[in-house]
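Working notes for the structure below.
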Amino acid sequence: MKWLFALLLGFSAACASAAQDVPPRDAHVNGHGNCVTPEAGYAGILPEGKSSHNETCHDRIPHPSPPPKGEVGKVSLREFHVKHFVRGSHQQIISAHAGKPFIVTFWSLTCTNCRDDLALFGKLVQKYRDLDLIIVSTDSPEQNREISRTLQRYHLGKTESWVFADSFAERLRFEVDAQWYGELPRTYFYDAQGHVLALSGTLDHVQTENWI
């Protein structure tokens, strides 16, 4: 029984020591940087820094920073930016990329076939580093986080990306193409002279690569 009593005594001492490392909830920092309670029941020196009589000891205890949010490849979700596609955005894209070949593709999170095109474009942007690709989601800005995750999953985290930000989606589609009625995926191939080829449905890998 002596050995059991000694073990319990040692455990109690360890718990008491650990408890002393955590200041009581009513402990405050005094002008000298010490941690005290109104009854002076606890005293300890906390990490250096400006102190205030209204500052609690718990405020001065270093807390670990939250882990960075999910990353895929080299682009974190915090760094990923999806632009708002509104009236005039289509013309803005065309003007910004005029004089060189580029591709504009429209997709949605709810479009199963769109994932095949995203997988294709993900391979192509890695193979052709100068491929000028613009990806536009027909979802909503409230879904930006899921949009970002999806694009990064297909290695498109550094691709210029937009999302419909107008509740009147038909108006945005009409500005893009009066002959487009909302079917997805929808892709436009622009050449350097400004001529455009519009295709609906899943793209053919060989034909797409031949265009590039």
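Here the simple spin-label model places points 7 Å from the Cα toward Cβ, and for residue 209 and residue 143 these points are separated by 3.0 nm. Extension gain, residue 116-residue 158: 0.36 nm per intervening residue step, less the Cα-Cα distance, totals 13.3 nm. Heavy-atom accessible area for residue 164, with the other protein chains in place and a 1.4 Å probe, reaches approximately 10 Å².
Among 188, 154, the sequence by solvent-accessible area, most first, with a 1.4 Å probe is 154, 188.
Looking at the stretch 123-186, the GluC sites (Glu not before Pro) that sit in a DSSP loop and have at most 12 other Cβ atoms within 10 Å of their own Cβ are 183. Working from label points 7 Å from Cα in the Cα-to-Cβ sense, the residue 95 to residue 181 distance is 3.2 nm.
Just by accessible area at a 1.4 angstrom probe, what is the order of 196, 86 from largest to smallest? Could the numbers behind the result be given before it?
Numbers: 196 80, 86 60 Å².
Of 196, 86, the descending order of accessible area is 196, 86.
For the stretch 105-212, the spread of Cα positions along the three principal axes, ordered from largest to smallest, is 36, 31, 22 Å.
The values are calculated or read from the model by the stated rules, or taken from the named source; none is laboratory data. Everything numeric here is computed off the predicted structure, so don't read it as measured data. Cβ coordinates were reconstructed from backbone atoms using ideal geometry, including for glycine residues, and neighbour counts include every protein chain displayed. Keep in mind that these areas ignore ligands, DNA and RNA; they rest on the heavy atoms of the full protein, side chains included. Shrake-Rupley method; radii C 1.70, N 1.55, O 1.52, S 1.80 Å.
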